[in-house]
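Below you'll find the structure, written out as structure tokens, and then a few comments.
A short reminder: the numbers here are calculations on the coordinates, not readings from a lab. Nothing here was measured: the structure is a model prediction, and the numbers come from that model. Using ideal geometry, Cβ is built from the backbone for each residue, glycine included, and neighbour counts are taken over all protein chains shown.
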Amino acid sequence: MKIGIIGSGYVGLVTGVCFAHLGHRVICVDNDVKKIAMLKKNHVPIYEPGLEEMIRENVAAKRLSFTTRISQAVSQSEVLFICVNTPPKENGEADLSFVETVSKEIALHLKEYRLIVEKSTVPVQTGEWVEKTIRNYQPRRALFDVASNPEFLREGSAIQDFLKPDRVIIGVSNSKSEKILRKLYGPLKAPILVTDIKSAEIIKHAANSFLATKISFINMVARICDAVGADVEKVAQGMGLDPRIGPSFLKAGIGFGGFCFPKDLSAFLKRAEKLGVGFELLSSVLAINEQQKQYFVQKIENHLWNLNHKTLAILGLSFKPDTDDMRFAPSIDIIKALEREGVHIRAYDPQAMKKAKSIFPKIEFTANPYAAMKNADALVIVTEWDEFSNLDWKKVKRLLKHPIVFDGRNQLNQAEMKKLGFQYHGIGRPR
Ligand code: UGA
């Protein structure tokens, strides 16, 4: 099939590349001239394992191309995916102005039947607005349908998540749209759930909010564990063995970050409020997540006493491993709070340092984890990159002024760290 992807950010690029990989002809659009110029030279503006190679392969096979012109995608594609950004407004609501602009542009160029699919994460009832906007702005009376097909990919494993999804959600208003989307996704052999458009929109917000709720829940349990000297890892294991609960997303730490959870929770909450539904549970989930970062800073202070003039080695800056994404990364609030206390920070991250430099003008970045540790008062793990599990701990002990580790992600084996002679402080783990 011929597919147009409008918005070549994270979701758009991965979707476009994966559809091309499945044999479709894909044209990716973005109004960022520099980004499109980069992509045309096979340079990828984000770090995502496997993405660059797949772009190169599919461009060479002439299944994938890039343009800045929406008109080109509308005239060439049977299906158009709206993948533009829906950033948070100051009050937490989703800003849908890009979705509106793109809908108007599609309308202007519509000459024959197209299926227009919202893939960006949007609040419920956006589909109705997209449809209304296209109808109002189209100069010709071409037929079209709107559908919702939320995306569930995770940064760092986006390609695998797209190609091997747990489920594909298709929100449609008629069988013609369903047929087209089934044809597109059929080769993935994943369970397909067909719903109305509004339910599909809610599924995305509800799924992300539920996962975030699990995280805040276990983080509160971790605080109880800290208070009594119990082990949250064991508690999560015990809870997760119940198939009604499940073991995933019960990893206690410094809270969730990234461009999806914080933004989607706020947007869902705001949408609920506008609909007259007070969803206080979500306000608590967000509040716990904010406190969790300060809880970690407090933990560091409780063990190091005065932080002023102390040096900390920070490992990991991105909001999670295997990505260079710094958006809403917990590291931001944690480092800023430590800086306010007068801490000197030396930091290392395998991928995110370039992006982090503009966020933290005062911290010292190092070329490897060990350089961050030299004469530092303690080591602080903020993001659990794999390479931090296999550090040469004897060397770490020699480099640090004191063998103290604050593990914000419960990444390390506590018993082994103790055996190696470290003072180890995780989240919700007995000392
Ligand atoms: C999330 C969802 O997992 C995807 O299904 C969804 O498609 C995506 O948002 C989106 O809406 O686009 P992502 O933001 O890439 O994906 O990251 P996750 O792997 O879900 O992690 C989110 C945050 O939660 C990270 O900061 C992670 O460190 C934290 N987390 C995750 C925990 O603190 N504990 C856990 O047990 C799991």
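So here's what we get for this one:
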item: Fully extended contour minus Cα-Cα distance, from residue 420 to residue 306, at 0.36 nm per residue; result: 38.4 nm
item: Acute angle (nearest 10 degrees) that the helix 126-137 long axis makes with the longest principal axis of the chain, alpha-carbon atoms; result: 40
item: Simple label model, 7 Å out from Cα along Cβ direction - residue 34 to residue 75, nm; result: 2.9
item: Point-to-point label distance, residue 249-residue 374, nm (Cα→Cβ direction, 7 Å offset); result: 4.4
item: Pairwise FRET efficiency - residue 154 versus residue 2, Cβ, R0 = 35 Å, nearest 0.05; result: 0.80
item: Separation of alpha-carbon centers, the stretch 368-431 and the stretch 275-333, rounded to whole Å; result: 18
item: Nearest-0.05 FRET efficiency for residue 234 and residue 394, computed from C-beta distance (R0 35 Å); result: 0.80
item: Degrees separating the helix 261-274 axis from the principal Cα axis of the chain, which is the longest one; result: 60
item: Cut-off under 5 Å, modelled amide H: who pairs with residue 404 long-range; result: 379, 423
item: Across 164/419; 35/62; 204/320; 164/251; 270/310, pairs whose alpha-carbon gap is larger than 31 Å; result: 164/419; 270/310
item: Under 5 Å, built H, 5+ apart or other chain: amide partners of residue 66; result: 28
item: FRET E, pair residue 135, residue 281, Förster distance 45 Å, beta-carbon r, rounded to 0.05; result: 0.75
item: 0 to 90° range, to nearest 10: angle between helix 10-21 axis and the chain longest Cα axis; result: 60
item: Mean projected area in nm² (Cα convex hull; one quarter of hull surface) for the stretch 360-404; result: 3.5
item: Values of log10 I(q)/I(0), in the order q = 0.07, 0.10 Å⁻¹, for the chain under a Debye, Cα-only, solvent-free model; result: -0.39, -0.76
item: Built amide H within the under 5 Å cut-off of residue 324, gap 5+; result: 47
item: Karplus-derived HN-Hα couplings along the stretch 242-251 (A = 6.51, B = -1.76, C = 1.60, θ = phi - 60°), whole Hz, x at Gly and Pro; result: 6, x, 6, 9, x, x, 7, 6, 10, 9
item: Length added when fully stretched, residue 227-residue 61, from 0.36 nm per residue minus Cα-Cα; result: 53.9 nm
item: Gaussian network model of the chain, springs between alpha carbon atoms under 10 Å - residue of 135, 56, 398 with greatest fluctuation; result: 398
item: Spin-label model distance (nm) - residue 387 vs residue 41, 7 Å beyond Cα toward Cβ; result: 2.6
item: Cα gyration tensor shape of the stretch 2-195, rounded if a/c is under 1.5, else prolate or oblate by comparing a/b with b/c; result: rounded
